[in-house]
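This report concerns only the one structure given below.
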Amino acid sequence: MNSQTQDNEPDRSEEIFKVTIHIADTEPVQFPIRRSEERLYRKAEYHVNKLWKEWSKSDPRRSTADILARVALAFAELYYRKTDQFEEQQKMIGDFERELDRLLDYGE
């Protein structure tokens, strides 16, 4: 959950710290994040590494770069698939609300 003010702006008083993320056998990366976002980054780190390890074992001849490219593509595909689903759901909800409004207005 993000810490937000009433104006939907991030809470500037929230603690920022440098997180270190380890992906595959590459050099660790550090960057600043809000403390409340650490769980999300750790979850992403875990799942990227899990998929990388699985695919590395299934074809050890492939380079880390090749496997990470495939991992990136898999996550991008998932992201866009979910984005498309979300947009379709939003459209269905909008259509439903319009139809409900029409039916309720018709009854008056």
Query raised in the report: Taking Cα atoms, how many degrees apart are the long axis of helix 64-106 and the longest axis of the chain, rounded to 10 and kept between 0 and 90?
Result: 10 degrees
Requested in this report: Quote the FRET efficiency, to the nearest 0.05, computed for Arg81 versus Leu103 with a Förster distance R0 of 30 Å and r equal to the Cβ-Cβ distance.
Outcome: 0.35
Report task. Taking the dipole about the Cα centre of the chain, with the C-beta of Lys and Arg at +1 and of Asp and Glu at -1, give me whichever of Trp55, Val29, Gly94 is farthest to the positive side. Result -> Trp55
Query raised in the report: When the chain is fully extended, how far beyond the present Cα-Cα distance does Lys57 get from Ala44, taking 0.36 nm per residue of separation?
Result: 2.7 nm
Query raised in the report: What is the extension gain from Asp66 to Phe31, computed as 0.36 nm multiplied by their sequence separation minus the C-alpha to C-alpha distance, in nm to one decimal?
Result: 10.2 nm
Report summary line: For Ile21, the accessible surface traced by a 1.4 Å probe with all protein chains present amounts, in square angstrom to the nearest 10, to 10 Å²
Query raised in the report: Tell me, what is the Rg over Rh of the chain, with Rh the Kirkwood radius over Cα pairs?
Result: 1.19
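The values are calculated or read from the model by the stated rules, or taken from the named source; none is laboratory data. Note that this is a predicted model, so its numbers are computed, not measured. Counting neighbours? That spans all protein chains shown, and the Cβs are built from the backbone with ideal geometry, glycine included. Accessible surface is based on the protein model in full, side chains and every heavy atom, while ligands, DNA and RNA are left aside. Shrake-Rupley method; radii C 1.70, N 1.55, O 1.52, S 1.80 Å.
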